[in-house]
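The next block holds one structure in the form of C-alpha cells; read it before the comments.
The values are calculated or read from the model by the stated rules, or taken from the named source; none is laboratory data. Keep in mind that what you see is a predicted model, and the values were worked out from it rather than measured. All Cβ positions, even for glycine, are placed from backbone atoms using ideal geometry, and neighbour counts span all protein chains on display.
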Amino acid sequence: MDSTRLTQQTSTTLPLRGELTHDAPAPRALWRGTFTGPLQWALEGPGWGILRPTVDFILLCAAVVVALGGVSATLHVSPVRAPLLALPPLAMLLFFLRGVYNTRLRALVLDGIVPVLSGVSVAAMAVATLGVLANGQLPNQTDWLHAWLFALLGVGIGRVFLAFAQRWARKRHLVGKSVVIMGAGVVGAQVARRLESHPEYGLVPIGFLDEDPRSVAEVGGRDVPVLGTIDDLDETVARTGVKHLIVAFSSVADARVSRLIQRCQELGVEVSVVPRMFDTINDRVGYDTVGGLPLLTFAAVDPDGLQFAVKHAFDRMLALVLLVLFSPIIVCAAIAVRLSSPGPAFFRQKRVGRDGKVFDFYKFRSMRVEQAPADGGEQHTSALDFLLGGDTAPGGVEGEDRRTAVGRFLRSTSLDELPQLFNVLRGDMSLVGPRPERPEFVELFRQDIIRYGDRHRVKSGITGWAQVHGLRGQTSLAERVEWDNYYIAHWSLGLDLKILALTLVALFRNAE
C-alpha cells in the first residue's frame, strides 16, 4: 500500500510495543485525522448519506418533468396529469423503506436493481391509483409509462455513476477509512491482506492491537505494524484519529472484548467483528432470543433440494439456447483452430466435478500440439510444481508458451470456453459454479487446502463467484477456494443471475 498518497500523513510513526527490534520491518507512516477534504466528506463521510438520496430525488423529478413535456408544461400541469408529480416523493419513501440507503462496505450496482425497480414500479402504481381516486380516471398512459421508464433509467444511471465515482476514489486512496485490527494472528493478518489488496472496500489497515505484540513479519501483515495491546486503544485513537476497529480472533477474554467494543462506541469508533465459526455463516442465518440471550440458527444449502433441481434445468435450457445462438461462432472458431496449426479443434481433459465424478472437459485448443495428441496438446505443469510454488492456482499458460495467434485471441475473449456449453447440456457442469480441476491437483489440494473438497458438493461451472472477482488463471488458490465456498454457502438463483451479469462485464476485460 502506497501510504504517501494518503492525506494528513506525518513523517513520524507510532512506537511499537513488545518484542519489536531494530531488525523488524519498519512500520508504515501513520497519519492523524485519517482522510479529510470535500471528496472524503461527499463519497465516504456524512455527505454520502446525503448525496445519494439527493441525486435520486433530482433524477426522479427530472424524469417526471421530461415525461410531462418540459418545465413549462409541468408548471401548468392539468389535474389529470397532476398525480404524476407524486412519483418522486413516493419512490423516495419506498427507497428508504427498502433500505436502499443503508451503508455497506462494498455495494454492487446489481444489488440495488431489485429495490430500485420495485420502488419505482410500486410508486408508479400508487400514482395511477391516486389518479383514479382524485380524478376518476387513470393518468394518460403515455405520460405514465414515460415517467416510469425515465425514472428507472435516471435513477439507474445516477447510482452507477456514484458507485463508480466512489470506487475510483477508493482505489486511488483519495477517500477511505483508517482501520485498526484487534488480533494479529492468522485471521487478523488475513483481514489486513484482503483490505490492502481490495481498496474498493475503502478500509485502510494502519495497524494491529494484540496482547502478544510481534513483528510485522511474524504476523504476516506486510507493512502493517502492531501498535500495542488493547489497553492502548485510547492512545491509538488519539494519535491516529482512527474511525474503525475490526475485531478478529485473539486470546483476549470475551468480557474484555465486550468492554473494548463499548469503549469504541463511547469514542465514536465504528466496530466490525469477524465472528467465530465465520466459515459456517451465510445470509440464511436466523436470529432469535432465549430471554436476553441471542441465538443464531444456521441454515445450510441443500444441493439435492428443489432449488438446485430448478437451477440444473435452467442451466440445460439456457445452454441449449446459447449453443444455437453461438453456433456460427463455434463453427468459425473450430475451423480457425484447425487452420492455425495441426491437431484437433477441441481440447479435452479429465476434470473432477460434483461428488468427485471425473468427466471429459472441453475447450477450444489454443496451443500447438506437442507430444500429447490424445488430449489436444495442452501441456501443463505438474501438480507438485504448483504446490512447491506456493499459493498459486493452476491455470493460464503453464510452462512453455505454445499458444497460436488464434489461441491467443480465443483466450483473451474467453471464446475458448464455449465448448463447455456441451458439458452443461450433458449435465457434467453448470453455467455457474466452482471451476473444475484435474484429478491429480484435486488429490493434493484436498490434503493441503482447508475445505477444498467442499467445492465438489455442487456441479462445476463455466463461470463462478471467484472468477468474476478477478481470480482467474494463476491467482491465489486459498482466495479462490474461499470465494467458491462462499458461493456454495450463499447460493441462490438470484446470486447465479448476478454472477452471469458480472461475467458479461468481465468479458470486456482481457481474460489473460
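Worth a mention:
- Out of TRP465, TRP491, one residue alone is part of a loop (DSSP other than H, G, I, E, B) and touching a residue at least 40 places away in the same chain (Cβ under 8 Å). It is TRP491.
- For the residues VAL301, VAL337, the requirement of being touching a helix residue (DSSP H, G or I) at 6+ places or on another chain (Cβ under 7 Å), surrounded by 16 or more Cβ atoms within 10 Å (Cβ to Cβ) and outside any helix (DSSP H, G or I) singles out VAL301.
- Count of the stretch 453-479 residues which are modelled with pLDDT under 85 and buried (at least 21 other Cβ atoms within 10 Å of the Cβ): 3
- Residue that is at pLDDT below 60, in contact with a Lys or Arg (Cβ under 7 Å, 6 or more places away or on another chain) and crowded, with 17+ Cβ neighbours inside 10 Å, where the choices are GLY376, GLY343, GLY353: GLY376
- Evaluation of VAL127 against the conditions (1) touching a residue at least 60 places away in the same chain (Cβ under 8 Å); (2) assigned to a helix (DSSP H, G or I) shows that the sole unmet condition is (1).
- Neighbours by Cβ (under 7 Å, 6+ apart or cross-chain): first from the stretch 190-211, under 26 Å from ASP231 (Cβ atoms) and touching a residue at least 60 places away in the same chain (Cβ under 8 Å); second β-branched (Val, Ile, Thr) and assigned to a helix (DSSP H, G or I): ILE206/THR240
- Candidate set: the stretch 325-370, residues that are within 25 Å of PRO434 (Cβ to Cβ) and aliphatic (A, V, I, L, M); chosen: the one nearest to the chain's Cα centre (by Cα): VAL352
- With respect to (1) within 24 Å of the chain's Cα centre (by Cα); (2) buried (at least 22 other Cβ atoms within 10 Å of the Cβ); (3) under 13 Å from LEU60 (Cβ atoms), the lone exception for ALA151 is condition (1).
- Scanning the stretch 491-512 for residues that are under 21 Å from ARG194 (Cβ atoms) and modelled with pLDDT of 85 or more yields LEU495, LYS498, ILE499, LEU502.
- Positions within the stretch 237-247 being of a type outside the set (D, E, K, R), farther than 13 Å from PRO205 by Cα and buried (at least 16 other Cβ atoms within 10 Å of the Cβ), in sequence order: VAL237
- Filter pass, VAL116 being in contact (Cβ under 8 Å) with a residue 12 or more places away in the chain and within 40 Å of the chain's Cα centre (by Cα): yes
- Among the candidates ARG276, ARG284, residue that is outside any helix (DSSP H, G or I), surrounded by fewer than 13 Cβ atoms within 10 Å (Cβ to Cβ) and among the charged types (D, E, K, R): ARG276
- Selection over the stretch 147-166 of residues that are under 12 Å from VAL120 (Cα atoms) and touching a helix residue (DSSP H, G or I) at 6+ places or on another chain (Cβ under 6 Å) gives a count of 7.
- Residue within the stretch 171-184 that is without any contact (Cβ under 8 Å) to a residue 40 or more places away in the chain, in a loop (DSSP other than H, G, I, E, B) and either closer than 30 Å to CYS264 by Cβ or in contact with an Asp or Glu (Cβ under 8 Å, 6 or more places away or on another chain) (or both) present: no
- Flag if VAL271 is in a strand (DSSP E or B) and either in contact with a Ser or Thr (Cβ under 7 Å, 6 or more places away or on another chain) or at pLDDT 85 or above (or both): yes
- Scanning the stretch 414-443 for residues that are surrounded by fewer than 16 Cβ atoms within 10 Å (Cβ to Cβ) and over 24 Å from ASP302 (Cα atoms) yields PRO439, GLU440, GLU443.
- Some residue of the stretch 103-114 being under 30 Å from LEU497 (Cα atoms), outside any helix (DSSP H, G or I) and among the β-branched types (Val, Ile, Thr): yes
- Meets criteria (hydrophobic (A, V, I, L, M, F, W, C), touching a Pro at 6+ places or on another chain (Cβ under 7 Å) and closer than 27 Å to HIS469 by Cβ) for VAL109: no
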